């Protein structure tokens with residue numbers, strides 16, 4: 001299995017409502033993707049978050065499912081919304097478990 005974790009930092013003009021919309025849109029992907037074992041998303045409340053406000057996590061069955069995820073049009077639509085509401089930076093981590 002593969003854990004795919006993304007931390008996203010947004011600009012100062014991004015509202016809490018927009019952050020929640022990112023989380024909601026990402027969670028809606030769960031039933032739209034093949035090879036997903038688990039999908040989680042939320043607003044980061046850690047005091048050590050270094051400005052990364054949203055955490056997105058997907059556990060895939062295998063690397064093939066991860067590779068199919070990136071170009072998936074529904075995932076791309078969520079990624080476009082994330083950019084639209086002011087994404088400044090992101091960190092991506094993929095690990096085999």
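Just so it is clear, none of the values below were taken in a lab; they were calculated from the coordinates. Computed from a predicted structure; not experimentally measured.
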Tell me whether the range 12-59 comes out rounded, prolate or oblate; compute the Cα gyration tensor, take square roots of the eigenvalues as a ≥ b ≥ c, and use a/c under 1.5 as the rounded threshold. oblate
Counting pairs of alpha carbon atoms under 8 Å apart in space and at least six apart in sequence, what relative contact order in percent does the range 20-97 give? 29
For the chain, longest principal axis from Cα atoms; helix 73-84 axis from its Cα atoms; angle between them, nearest 10 degrees, is 20
